[in-house]
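Peer 1: I am attaching a structure below and will ask some questions about it afterwards.
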Amino acid sequence: MAPTATAAAVGRVTALGVAACERDVEKLEFIEEMTKNFDAEQVRVLAEILARNNGAEYLRRHGMEGRTDRQAFKARVPVVTYEDLRPEIDRIANGDRSNIISSHPITEFLTSSGTSAGERKLMPTIEDELNRRQMLYSLLMPVMNLYVPGLDKGKGLYFLFIKSETKTPGGLPARPVLTSYYKSDHFKHRPYDPYNVYTSPTAAILCTDSFQSMYSQMLCGLVARTEVLRVGAVFASGLLRAIRFLQLHWKELAHDLRTGTLSARVVEPSIREAVGEVLTKPDADLADFVEAECGKDSWEGIITRVWPNTKYLDVIVTGAMAQYIPTLKYYSGGLPMACTMYASSECYFGLNLRPMCDPSEVSYTIMPNMGYFELLPHDPADANAKPVSARDDPPPRLVDLADAEVGKEYELVITTYAGLCRYRVGDILHVTGFHNAAPQFRFVRRKNVLLSIDSDKTDEAELQAAVERASRLLAPYDAGIVEYTSQADATTIPGHYVVYWELMVREGGASPEPAVFERCCLEMEEALNAVYRQGRNGDAIGPLEIRVVRGGTFEEVMDYAISRGASINQYKAPRCVSFGPIIELLNSRVVSKHFSPACPTYSPHKK
Ligand code: AMP
């Protein structure tokens with residue numbers, strides 16, 4: 001749907017639509033300029049990055065000293081993965097302040113949700129990267145205003161959080177990219193913008209205690225319930241957690257509204273002060289309303305019942321988050337879901353120029369001023385493709401974004417101002433078209449991710465290692481695992497991993513006690529990566545579940561796959577299932593279910 005001029009839209013007509021205000025005109029024209037001159041801007045950005053980091057050890061080592069041209073860059077600089085850069089990253093983390101990858105000082109590490117050897121990857125970043133992130137954020141509302149008029153007449157209820165941070169052995173902060181952004185002056189001292197007024201006080205966002213933060217954000221959201229025009233979180237899983245929180249705490253919240261006082265469980269003085277400015281008086285009507293709505297048996301449409309003027313949900317529901325679309329539809333009564341941007345710890349990439357489109361149609365337009373981008377052709381059918389590594393000589397032929405072919409899939413490769421050169425992000429993108437000269441991409445998936453509930457990403461090798469570790473607990477019972485598969489169960493809040501086990505028990509032997517399987521659940525969780533274990537220790541991921549299926553189940557799964565055309569010679573049990581009929585088959589053969597009885601160990605200080 002193209003944006004149309006409405007009576008409310010008093011701004012100027014731009015190529016993207018009718019701008020809501022003068023500031024938006026400037027931003028929309030900037031998008032047009034960038035996307036029209038896409039390749040020229042990419043050449044400029046690459047030259048700027050190379051000129052800046054010319055003296056850094058990494059580019060010198062690859063024969064780029066004094067060179068800023070694309071041709072030399074492509075011929076000499078290898079395509080790398082995180083593992084290839086590990087020695088450089090470790091040196092920086094350990095305190096080597098020489099110009100290793102960048103001529104600008106590395107100011108902090110951003111802890112990615114991608115892991116290496118079970119721990120979060122550390123992405124080096126520099127001071128001025130914050131300006132680029134801020135720039136991309138500043139484009140989002142002007143685009144949204146094209147489609148949803150009147151957003152300056154109310155507020156956004158956004159559930160935003162920070163996490164605790166650590167320091168590397170060399171003393172650099174290590175924290176998630178959003179924690180870094182919310183704690184920056186860019187966010188804390190942002191100028192007033194009528195199109196971007198949040199109900200959450202900044203003090204509540206900047207609290208690492210997730211209960212105090214969520215409680216006060218929810219309370220302020222309830223106070224402003226009729227003013228709220230959009231409800232959001234970064235990812236869909238986060239918004240569902242907020243709904244779950246409301247389910248658990250509405251009585252206490254209603255009590256606070258009735259008395260006009262903040263729960264004693266919120267102790268942080270800055271939050272108490274900020275909430276005090278919002279919760280200024282007792283409001284019995286609002287308390288009655290919250291109790292009446294939340295006390296109903298059905299929570300269908302709860303978002304629009306509590307926040308009746310909500311026009312859309314602002315959450316990412318692409319990629320792994322697509323699994324939450326049905327649940328969000330249920331709670332929101334089918335509100336549109338806007339996926340506004342595509343970004344990572346390494347670099348922010350781009351935005352969705354049609355944010356109100358259906359989630360299945362979301363395409364992101366990469367902004368050419370954020371970094372230098374290339375594409376590694378990816379053939380989904382070619383599972384045996386030769387892996388590309390830093391040792392490849394010469395570097396593989398990558399495609400420039402301007403030359404992307406519609407309909408093809410590629411892996412994104414980036415070169416950043418902070419000094420990552422030809423770095424493989426691991427995201428697979430499908431080219432859907434162009435806006436001016438800028439290619440637009442559907443996010444297909446992250447490579448090698450089998451299971452994901454929140455920001456956790458578990459690959460096949462990690463699941464295999466976890467199953468092997470847990471299966472050792474069965475040995476004393478003369479039992480073993482014949483076959484297994486898994487599923488990310490998004491129907492619970494929070495979602496959780498389900499692992500189906502078919503067992504082999506010694507003839508005449510008894511199946512192990514339920515307590516043994518519970519220990520197996522926890523053992524698997526202990527074996528999973530740090531992002532998973534952190535999610536379990538917060539409220540992002542629920543306890544892992546083992547479902548024991550009866551003997552012969554996996555043979556039935558195989559028969560089913562073969563009946564649908566799988567080759568009997570090549571058949572391997574899938575390690576993760578998402579296809580409804582197979583999940584139904586597995587669930588109909590379950591003989592017992594067991595949940596992890598405790599949280600696995602997690603320490604943010606372990607690097
Ligand atoms: P992180 O490094 O933890 O910041 O995670 C970044 C990754 O999250 C990206 O590389 C993508 O795999 C994923 N991601 C970010 N934005 C989106 C989006 N809009 N849709 C789907 N996946 C996304």
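The values are calculated or read from the model by the stated rules, or taken from the named source; none is laboratory data. Keep in mind that this is a model prediction, so the values were computed, not measured. Note: ideal-geometry Cβ built from the backbone for every residue, glycine included; neighbour counts use all protein chains shown. These area figures cover heavy atoms from the full protein model, side chains too; ligands, DNA and RNA do not enter into them. Shrake-Rupley method; radii C 1.70, N 1.55, O 1.52, S 1.80 Å.
Peer 1: For Tyr192, state whether it is under 26 Å from Pro355 (Cα atoms), aromatic (Phe, Trp, Tyr) and touching a residue at least 24 places away in the same chain (Cβ under 8 Å).
Peer 2: no
Peer 1: Residues in the stretch 374-392: is at least one within 13 Å of the ligand (Cβ to nearest atom), within 26 Å of Leu139 (Cα to Cα) and modelled with pLDDT of 95 or more?
Peer 2: No, the stretch 374-392 contains no residue that is within 13 Å of the ligand (Cβ to nearest atom), within 26 Å of Leu139 (Cα to Cα) and modelled with pLDDT of 95 or more.
Peer 1: Name the single residue, out of those in the stretch 251-307 being among the small types (Gly, Ala, Ser) and within 12 Å of Leu222 (Cα to Cα), that is nearest to the chain's Cα centre (by Cα).
Peer 2: Going through the qualifying residues, I end up with Ala254.
Peer 1: If you check Arg564, Arg472, which single one turns out to be at pLDDT 95 or above, of a type in the set (Lys, Arg) and over 16 Å from Thr115 (Cβ atoms)?
Peer 2: Unique residue meeting the criteria: Arg472.
Peer 1: For Ala510, which of the numbered conditions (1) without any contact (Cβ under 8 Å) to a residue 40 or more places away in the chain; (2) open to solvent by 40 Å² or more (accessible area, probe 1.4 Å); (3) in a strand (DSSP E or B) fails to hold?
Peer 2: For Ala510, the failing item is (3).
Peer 1: If Ile493 meets every condition in (1) surrounded by fewer than 21 Cβ atoms within 10 Å (Cβ to Cβ); (2) farther than 28 Å from Phe245 by Cα; (3) in contact with a helix residue (DSSP H, G or I) (Cβ under 6 Å, 6 or more places away or on another chain) apart from one, which number is that one?
Peer 2: The number of the failed condition is (2).
Peer 1: If you scan the stretch 428-476, which residues turn out to be within 11 Å of the ligand (Cβ to nearest atom), among the charged types (D, E, K, R) and surrounded by fewer than 20 Cβ atoms within 10 Å (Cβ to Cβ)?
Peer 2: Arg442, Arg445, Arg446, Lys447
Peer 1: Of the residues Gln570, Gln534, which is farther than 17 Å from Ser486 by Cα and surrounded by 20 or more Cβ atoms within 10 Å (Cβ to Cβ)?
Peer 2: Gln534
Peer 1: What are the pairs, 6+ residues apart or on separate chains, where a residue within the stretch 267-294 that is small (Gly, Ala, Ser) has its Cβ under 7 Å from a residue that is open to solvent by less than 30 Å² (accessible area, probe 1.4 Å) and in a helix (DSSP H, G or I)?
Peer 2: Pairs found: Ser270/Ala203; Ala274/Ala203; Ala274/Ala204; Ala287/Ala254; Ala287/Leu257.
Peer 1: Can you pull out every residue in the stretch 265-287 that is closer than 21 Å to Ile243 by Cβ and surrounded by fewer than 16 Cβ atoms within 10 Å (Cβ to Cβ)?
Peer 2: Of everything in the stretch 265-287, just one residue is closer than 21 Å to Ile243 by Cβ and surrounded by fewer than 16 Cβ atoms within 10 Å (Cβ to Cβ), namely Arg265.
Peer 1: Return the residues of the stretch 142-159 that are of a type in the set (A, V, I, L, M) and crowded, with 21+ Cβ neighbours inside 10 Å; say none if nothing qualifies.
Peer 2: Matches in the stretch 142-159: Val143, Met144, Leu146, Leu151, Leu157.
Peer 1: Do we find that Glu526 is charged (D, E, K, R), at pLDDT 95 or above and over 30 Å from Ser116 (Cα atoms) in this structure?
Peer 2: When the stated conditions are applied, Glu526 does not pass them.
Peer 1: Taking only the stretch 316-356 into account, find how many residues are of a type in the set (A, V, I, L, M, F, W, C), more than 13 Å from the ligand (Cβ to nearest atom) and open to solvent by 10 Å² or more (accessible area, probe 1.4 Å).
Peer 2: Total meeting the criteria: 3.
Peer 1: Taking Lys167, is it surrounded by fewer than 21 Cβ atoms within 10 Å (Cβ to Cβ) and farther than 22 Å from Val275 by Cα?
Peer 2: The answer is yes for Lys167.
Peer 1: Among the residues that make up the stretch 370-385, is at least one of them without any contact (Cβ under 8 Å) to a residue 12 or more places away in the chain, assigned to a loop (DSSP other than H, G, I, E, B) and closer than 30 Å to Val43 by Cα?
Peer 2: yes
Per-residue answers, yes or no, for (1) out of contact with any strand residue (DSSP E or B) (no Cβ under 7 Å at 6 or more places or on another chain); (2) without any contact (Cβ under 8 Å) to a residue 40 or more places away in the chain:
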residue: Arg60; (1), (2): yes, yes
residue: Met64; (1), (2): yes, yes
residue: His104; (1), (2): no, no
residue: Gln134; (1), (2): yes, no
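Peer 1: Please specify each residue of the stretch 44-68 satisfying the condition of being at pLDDT 95 or above and acidic (Asp, Glu).
Peer 2: Those that are at pLDDT 95 or above and acidic (Asp, Glu): Glu48, Glu57.
Peer 1: Select from the stretch 171-193 the residues that are in a loop (DSSP other than H, G, I, E, B) and open to solvent by less than 20 Å² (accessible area, probe 1.4 Å) and write down the one among them that is farthest from Thr107 (Cα to Cα).
Peer 2: Ser184
Peer 1: Let me ask you something else. Based on what the data block shows, is Arg550 on the phi < 0 side of the Ramachandran plot, of a type outside the set (A, V, I, L, M) and surrounded by fewer than 22 Cβ atoms within 10 Å (Cβ to Cβ)?
Peer 2: When the stated conditions are applied, Arg550 passes them.
Peer 1: Let me ask something additional. Mind telling me which of the residues Glu227, Glu252 ends up being in contact with a Gly (Cβ under 7 Å, 6 or more places away or on another chain), at pLDDT 95 or above and surrounded by fewer than 20 Cβ atoms within 10 Å (Cβ to Cβ)?
Peer 2: Selected residue: Glu227, the only one of Glu227, Glu252 that is in contact with a Gly (Cβ under 7 Å, 6 or more places away or on another chain), at pLDDT 95 or above and surrounded by fewer than 20 Cβ atoms within 10 Å (Cβ to Cβ).
Peer 1: While we're looking at this one, here's another question. I'm trying to understand the selection: among the residues of the stretch 394-420, which are within 16 Å of the ligand (Cβ to nearest atom) and open to solvent by 10 Å² or more (accessible area, probe 1.4 Å)?
Peer 2: If the condition is that a residue be within 16 Å of the ligand (Cβ to nearest atom) and open to solvent by 10 Å² or more (accessible area, probe 1.4 Å), then Glu409 is the only one that fits.
Peer 1: Within 16 Å of the ligand (Cβ to nearest atom), at pLDDT 95 or above and in contact with a Leu (Cβ under 8 Å, 6 or more places away or on another chain): which single residue out of Leu160, Leu222 fits that description?
Peer 2: Leu160
Peer 1: So, of the residues in the stretch 194-216 that are assigned to a loop (DSSP other than H, G, I, E, B) and either open to solvent by less than 30 Å² (accessible area, probe 1.4 Å) or in contact with a Gly (Cβ under 8 Å, 6 or more places away or on another chain) (or both), which turns out to be farthest from Ser263 (Cα to Cα)?
Peer 2: Tyr195
Peer 1: All but one of (1) within 14 Å of the ligand (Cβ to nearest atom); (2) at pLDDT below 95 hold for Tyr423; which doesn't?
Peer 2: So the condition that Tyr423 fails would be (2).
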